[in-house]
């Protein structure tokens with residue numbers, strides 16, 4: 001079995017398992033997304049820490065830029081040495097995206113055509129029946145992206161692949177009809193969630209950074225690439241099946257939650273570290289000793305005098 005077929009089988013098997021547990025196609029996709037997010041958490045953690053570290057070393061970066069303003073080659077050399085010393089990288093933000101790219105391509109095949117699903121699974125039966133009712137088939141017996149003429153993609157016969165008012169086997173670009181805003185709104189909201197959550201991921205890790213700060217060419221290039229990614233995902237989701245869009249929306253929302261936890265934990269650890277550093281080594285950790293006699297001792301002396 002080649003790696004591509006293996007990946008299809010793994011994703012299809014997991015998706016089918018979740019559908020057997022909870023026979024709701026959208027819920028199965030969400031559970032699969034969360035599982036993938038948990039599996040990629042080490043990369044997310046490394047990405048978030050690295051991007052936060054990039055913010056923290058900006059004063060040193062600006063100092064090097066000022067000192068080596070006329071020597072671009074030496075500046076880049078010193079910056080790379082600084083990145084290596086602090087364990088950060090301008091390219092770290094793209095690492096989780098690169099790792100997930102094969103998963104996205106495989107999921108498109110799984111979520112649209114049912115590739116990789118066990119042949120005797122309930123989900124395979126549901127998707128095949130819905131696809132043959134909606135899409136045209138070419139001379140080779142392969143589904144095309146053209147919908148059957150006059151088919152109602154929101155009909156009751158497609159209830160097994162409908163989630164939150166969306167038929168997850170059709171493209172939002174094909175489903176949106178401004179003349180029917182009721183059926184179009186869920187698809188429009190899906191694209192909006194994907195784009196907004198994607199932008200907010202960037203805000204989480206760059207909110208303290210001054211965009212006017214000079215940075216080296218590599219860092220600037222990576223930042224520009226990360227800023228346009230939400231728009232790219234919105235475009236992809238518009239032109240691919242809504243099931244893949246649901247994966248992107250859930251993944252972005254889950255990533256926002258993961259980054260919030262990572263950043264909050266890092267800020268708390270940083271605060272505790274500064275508190276320990278600011279405390280004198282000879283300073284006792286408990287309450288300060290009393291400088292005078294205790295109340296009980298004074299009372300005993302008063303009793304003796306009265307006697």
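Rule-based calculations on the coordinates, nothing more; no lab input. It should be emphasised that the depicted structure is a prediction, and the values quoted were computed from it without experimental measurement. Note: ideal-geometry Cβ built from the backbone for every residue, glycine included; neighbour counts use all protein chains shown.
In terms of other Cβ atoms within 10 Å, 6, 238, 104, 112 run from fewest to most in the order 6, 104, 238, 112. Ratio of the stretch 82-183's C-alpha Rg to 2.2 N^0.38 Å, to two decimals? My calculation over the Cα atoms of the stretch 82-183 gives 1.50.
What FRET efficiency comes out for the pair residue 76/residue 239, r = Cβ-Cβ distance, R0 = 25 Å, nearest 0.05? So, using R0 = 25 Å, E works out to roughly 0.05. The equivalent ellipsoid of the stretch 3-271 has semi-axes of 42, 19, 17 Å, largest first, where each one is the square root of 5 times an eigenvalue of the Cα gyration tensor.
Taking 30 Å as R0, compute the FRET efficiency from the Cβ-Cβ separation of residue 184 and residue 231 and round it to 0.05. Each step should come with its number before you reach the end.
On the way: r = 20 Å, r/R0 = 0.68.
Taking R0 as 30 Å, the efficiency between residue 184 and residue 231 is 0.90.
Exposure proxy for 115, 128: other Cβ atoms within 10 Å of each Cβ, ordered fewest to most, give 128, 115.
What is the calculated FRET efficiency for residue 60 to residue 266, with r their C-beta to C-beta distance and R₀ = 25 Å, to the nearest 0.05?
Values: r = 19 Å, r/R0 = 0.75.
For residue 60 and residue 266, the calculated efficiency is 0.85.
In percent, rounded to a whole number, the relative contact order of the stretch 3-271 is 27, using alpha-carbon pairs under 8 Å and six or more apart. If eta is 0.890 mPa s and T is 25 °C, what Stokes-Einstein diffusion coefficient results for the stretch 1-149, Kirkwood Rh from Cα pairs, in µm²/s? Answer, rounded: 129 µm²/s.
Most exposed first by the Cβ proxy, i.e. fewest other Cβ within 10 Å, how do 232, 88, 196 rank?
Values: 232 13, 88 19, 196 16.
Taking fewest neighbouring Cβ atoms as first place, the list is 232, 196, 88.
Once the gyration tensor of the Cα atoms in the stretch 1-67 is diagonalised, the equivalent ellipsoid follows with semi-axes of 42, 15, 7 Å, ordered largest first.
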